[in-house]
Amino acid sequence: MRIALLGPLAPWRGGLAQYLALLGEALSARAEVRGITFTRQYPGLLFPGRTQLDTSAERPRFPVEARLDSVLPWSWSRTAAALERFAPGAIVLKWWMPFFAPAFASSVAPLRRRGTRVVLVCDNLVPHERRPLDGAFTRWMLAESDGYLVMSASVERDLARLKPGAAYRRVPHPYYAQFDRGRFDRASARARLGLAPEAEVAVFFGLVRRYKGLDTLLDAWAAVRRERPVVLVVAGDFYEDPAPYRALARAAGGEEAVRMREGYLADEDVEALFKAADVAVLPYRSATQSGVTAVAYALGVPVITTDVGGLAETVTPGVTGLVVPPEDPAALARAVVRFFAEGMAPALRAGIAAQAREHSWESLATRTIELVDTLAPTRGWR
């Protein structure tokens, strides 16, 4: 069997690249795997962060070529030609943003006509932040793909609405276990972050955009601090003006109450952050799912999340974390206070560990191959 992966792969940074690499490595035990990644992912005008690359990221353990420029059409035909030389039975690509439809659809369409099947791993089908042509681009990509892996009920519903009768599998998001390299224990992680060994610590992690609700969490923090001396660590790249968030952090108690670590975190820093944490908080306004829960669970950290999209599906209340209404600072504050006041961490960590097997990359690889079997490629398969 031959399987090609198309999308971000190291040195492109972030969870999308890590997901595709880890899935590819799991598939490599069952098939010949090759990757095609970007020469340019986002044009500068569409990327508000500091850098799109993580030069320290570990490279995938399968061959990868950089061929695809998201905005240069002649690179799309070169990508299609590179894929054709491999003649895979299946192309698996990560789908998260309609902007990429012209590049992705144009790259895979010639292979579909020759019997290759295309599988989308759908982070979402309806974007959090709408742009012109989103609908047309999404329909284009759906027309040039055959099967779908979805990770939440909300995306499952969107797929049923946008492409009735589509072949798909509902799969859990695997844990990002690659972060746990044993570089830190709790004490050394807290020392690295300048946190007291006995501190109560909550973390907010990831790219900061309005839909992620960091302002709601900061609004809640003064109420938390009236009850418990919990330190909130905010760690991630700001994709919008950080000044309003800094003002909210000062109003919540300043540096003693809220530590702001702005910028992209390399894997080593992610491990330190979660090894230092008691709980991760995801106060989103909207979501389909989030890779942050997969990072937290991989490092044994319970999650407090809002009841939006597929996020609440990733948390079993009282087993792996707590769920609260969105945009409700008072309810969020009560959940954080309850977590620490009732000493919930040990029981929730045990609940997370009990679910680890079903959230493995090997399980995802098996489900991916099962889906492709139903799509019946006419070349490069079995």
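The values are calculated or read from the model by the stated rules, or taken from the named source; none is laboratory data. If you're wondering where the values come from, they're calculated on a predicted model, not measured in any experiment. Here the Cβ positions follow ideal geometry from the backbone for every residue, glycine too, while neighbour counts run over all protein chains shown. Only protein heavy atoms, including side chains, enter the accessible area calculation; ligands, DNA and RNA are left aside. Shrake-Rupley method; radii C 1.70, N 1.55, O 1.52, S 1.80 Å.
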From P377, P326, grab the single residue that is within 20 Å of L27 (Cα to Cα), touching a residue at least 60 places away in the same chain (Cβ under 8 Å) and not hydrophobic (A, V, I, L, M, F, W, C).
P377
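Given the options E240, E268, E255, name the one that is in a helix (DSSP H, G or I), under 22 Å from the mean Cα position of the chain (by Cα) and surrounded by fewer than 18 Cβ atoms within 10 Å (Cβ to Cβ). Talk me through it step by step, then tell me what you get.
Working: E240 fails: in a helix (DSSP H, G or I); E255 fails: under 22 Å from the mean Cα position of the chain (by Cα).
Being in a helix (DSSP H, G or I), under 22 Å from the mean Cα position of the chain (by Cα) and surrounded by fewer than 18 Cβ atoms within 10 Å (Cβ to Cβ) holds for just one of E240, E268, E255, which is E268.
Taking the stretch 166-215 as the search range and keeping residues that are acidic (D, E) and touching a residue at least 60 places away in the same chain (Cβ under 8 Å), which one is farthest from F238 (Cα to Cα)? Talk me through it step by step, then tell me what you get.
At the first step, the residues of the stretch 166-215 found to be acidic (D, E) are 180, 185, 198, 200, 215.
Next, only the ones that are touching a residue at least 60 places away in the same chain (Cβ under 8 Å) stay: 180, 185, 200.
Numbers: D180: 25, D185: 28, E200: 25 Å.
Top of the filtered list is D185.
Do we have R181 as of a type in the set (K, R), closer than 30 Å to F274 by Cα and under 23 Å from the mean Cα position of the chain (by Cα) here? Let's see the steps before the verdict.
Numbers: of a type in the set (K, R): yes; closer than 30 Å to F274 by Cα: yes; under 23 Å from the mean Cα position of the chain (by Cα): yes.
Yes.
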Name, by its number, the condition in (1) under 24 Å from A294 (Cα atoms); (2) surrounded by 15 or more Cβ atoms within 10 Å (Cβ to Cβ); (3) not aliphatic (A, V, I, L, M) that does not hold for G380.
(1)
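The rows are residues; the columns are (1) free of Cβ contacts under 8 Å to residues at least 40 places away in the same chain; (2) in a helix (DSSP H, G or I); (3) within 15 Å of the chain's Cα centre (by Cα); (4) more than 23 Å from F179 (Cβ to Cβ).
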residue: Y264; (1), (2), (3), (4): no, no, yes, no
residue: L273; (1), (2), (3), (4): no, yes, no, no
residue: Q289; (1), (2), (3), (4): no, no, yes, no
residue: V292; (1), (2), (3), (4): no, yes, yes, no
residue: A335; (1), (2), (3), (4): yes, yes, no, yes
residue: F340; (1), (2), (3), (4): no, yes, no, yes
residue: A353; (1), (2), (3), (4): no, yes, no, no
residue: E358; (1), (2), (3), (4): no, yes, no, no
residue: S363; (1), (2), (3), (4): no, yes, no, no
All-but-one check, T305 against (1) in contact (Cβ under 8 Å) with a residue 40 or more places away in the chain; (2) open to solvent by less than 40 Å² (accessible area, probe 1.4 Å), failing number (1)
Qualifying residues in the stretch 315-373 (those that are closer than 17 Å to V224 by Cβ and aromatic (F, W, Y)) - the one surrounded by the fewest Cβ atoms within 10 Å (Cβ to Cβ)
F340
Give the residues of the stretch 107-125 that are more than 18 Å from T368 (Cα to Cα), open to solvent by 40 Å² or more (accessible area, probe 1.4 Å) and touching a residue at least 24 places away in the same chain (Cβ under 8 Å), sorted by residue number.
R114
